[in-house]
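K.L.:
Just dropping this structure here.
The values are calculated or read from the model by the stated rules, or taken from the named source; none is laboratory data. Computed from a prediction, not measured in an experiment: that's the story for all the values here. Cβ placement follows ideal geometry from the backbone for every residue including glycine, while neighbour counts extend to all protein chains displayed. To get the accessible areas, we keep the full protein, side chains included, count just its heavy atoms, and leave off ligands, DNA and RNA. Shrake-Rupley method; radii C 1.70, N 1.55, O 1.52, S 1.80 Å.
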Amino acid sequence: MDRVNFFGIHVENTTLEDISKDLENALLKKEKTTVFTPNTEIVMMAKKDERLIRLINSANHVIPDGIGLIYGAKLKKINLKERVTGYDTSIKLLEIANKHGLGLYLLGGKDGVSKEAFDNILKKYPNIRLCGYHHGYFSGSHTGDENSSEEKEVIEDINRSKPDIIFVGFGFPKQELWIDKNKDKINATVMIGNGGVIDVLSGRVNRAPDIFIKLNLEWFYRLIKNPSRIKRQIYLPMFLIKVIFDKNAINQLN
């Protein structure tokens, strides 16, 4: 597997088409697979924390969700093929599930959000098997309460419904922690930590217009809509500055 090292995080050098093929094969072969989607913000948050670096690298697929990763790689004359977002990967998983009649479970968001998301999903992808949904506000591995009674109930509900795919939307690093701690307890094939994707699918949060996405300015659209995000968006220039002045920041892995 061709990978690029970003401050210790091993990001797969792939395309949306290739990752989609890999995930479809895993689903058809029932090969348990985890997917994490780091962007520049996550890389900057994790780069000084070996536990978080190991956590992210534990996934079967670590995909480059963030245009800053593409820019950073270019500064080091490394060709990172393309940005592969968690949202786009999730939509491909919905298409695969609809094609093969696979089951989906949504885990995350506020109470009612995952239900709204599933209603919308089924309108567009009627062949997906509705397995279940649950909000993300329960005590469990992601809140430091591993093996809590609430978490056990959630896992039992998931296993009863026998999903093939689980969307886990708690945000970083809670979703990654939860997946890592519970993946061996859960009878599902693909688990992806996909942040706010469930909120977007519910219709409560709008994704950036296509023109912003095509110009790689999705971050700018979010900032316009929510200026309080400036504290988070500052990670992008900080990341690029670190890359410029740290010769070991990014390198190609064999």
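To keep it simple, each residue is scored yes or no on (1) surrounded by fewer than 16 Cβ atoms within 10 Å (Cβ to Cβ); (2) at pLDDT below 60; (3) of a type in the set (A, V, I, L, M).
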site: Gly196; (1), (2), (3): no, no, no
site: Ile211; (1), (2), (3): yes, no, yes
site: Phe220; (1), (2), (3): yes, yes, no
site: Ile230; (1), (2), (3): yes, yes, yes
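K.L.:
Out of (1) in a helix (DSSP H, G or I); (2) in contact with a strand residue (DSSP E or B) (Cβ under 9 Å, 6 or more places away or on another chain), the odd one out for Thr34 is which?
P.N.:
(1)
K.L.:
Out of segment 35-49, which residues are free of Cβ contacts under 8 Å to residues at least 40 places away in the same chain and either more than 15 Å from Asn13 (Cα to Cα) or more than 16 Å from the chain's Cα centre (by Cα) (or both)?
P.N.:
Lys48, Asp49
K.L.:
Out of the residues in segment 141-190 that are at positive phi and either under 18 Å from the mean Cα position of the chain (by Cα) or touching a residue at least 24 places away in the same chain (Cβ under 8 Å) (or both), state the one that is most open to solvent (accessible area, probe 1.4 Å).
P.N.:
Lys162
K.L.:
Any residue that is open to solvent by less than 40 Å² (accessible area, probe 1.4 Å), of a type in the set (Gly, Ala, Ser) and part of a strand (DSSP E or B) - is there at least one of those in segment 127-139?
P.N.:
We begin by selecting, within segment 127-139, every residue open to solvent by less than 40 Å² (accessible area, probe 1.4 Å); these are 128, 131-132, 136, 138-139.
Those left that are additionally of a type in the set (Gly, Ala, Ser): 132, 136, 139.
Applying the additional criterion that residues be part of a strand (DSSP E or B) yields 132.
Yes, segment 127-139 contains at least one residue that is open to solvent by less than 40 Å² (accessible area, probe 1.4 Å), of a type in the set (Gly, Ala, Ser) and part of a strand (DSSP E or B).
K.L.:
Let me ask something else about it. Here is a check on your reading of the model: is Leu28 open to solvent by 20 Å² or more (accessible area, probe 1.4 Å), of a type in the set (A, V, I, L, M) and modelled with pLDDT of 95 or more?
P.N.:
yes
K.L.:
Could you list, in sequence order, the residues of segment 74-93 that are among the hydrophobic types (A, V, I, L, M, F, W, C), over 14 Å from the mean Cα position of the chain (by Cα) and surrounded by fewer than 23 Cβ atoms within 10 Å (Cβ to Cβ)?
P.N.:
If the condition is that a residue be among the hydrophobic types (A, V, I, L, M, F, W, C), over 14 Å from the mean Cα position of the chain (by Cα) and surrounded by fewer than 23 Cβ atoms within 10 Å (Cβ to Cβ), then Leu75, Ile78 are the ones that fit.
K.L.:
When both residues are 6+ apart or on different chains and their Cβ atoms are under 6 Å apart, which pairs have a first residue that lies in segment 87-100 and is assigned to a helix (DSSP H, G or I), and a second that is open to solvent by 60 Å² or more (accessible area, probe 1.4 Å)?
P.N.:
Qualifying pairs under 6 Å: Asn98/Asn127.
K.L.:
Quick one: count up the residues across segment 239-254 that are open to solvent by 60 Å² or more (accessible area, probe 1.4 Å) and outside any loop (DSSP other than H, G, I, E, B).
P.N.:
5
Matching residues to (1) aromatic (Phe, Trp, Tyr); (2) part of a helix (DSSP H, G or I); (3) out of contact with any Phe, Trp or Tyr (no Cβ under 7 Å at 6 or more places or on another chain):
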| site | (1), (2), (3) |
| --- | --- |
| Met1 | no, no, yes |
| Thr14 | no, no, yes |
| Asn25 | no, yes, yes |
| Glu41 | no, yes, no |
| Met44 | no, yes, no |
| Leu69 | no, yes, no |
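K.L.:
Take the residues in segment 54-65 that are open to solvent by 10 Å² or more (accessible area, probe 1.4 Å) and part of a loop (DSSP other than H, G, I, E, B), then tell me which one is modelled with the lowest pLDDT.
P.N.:
Selected residue: Asp65.
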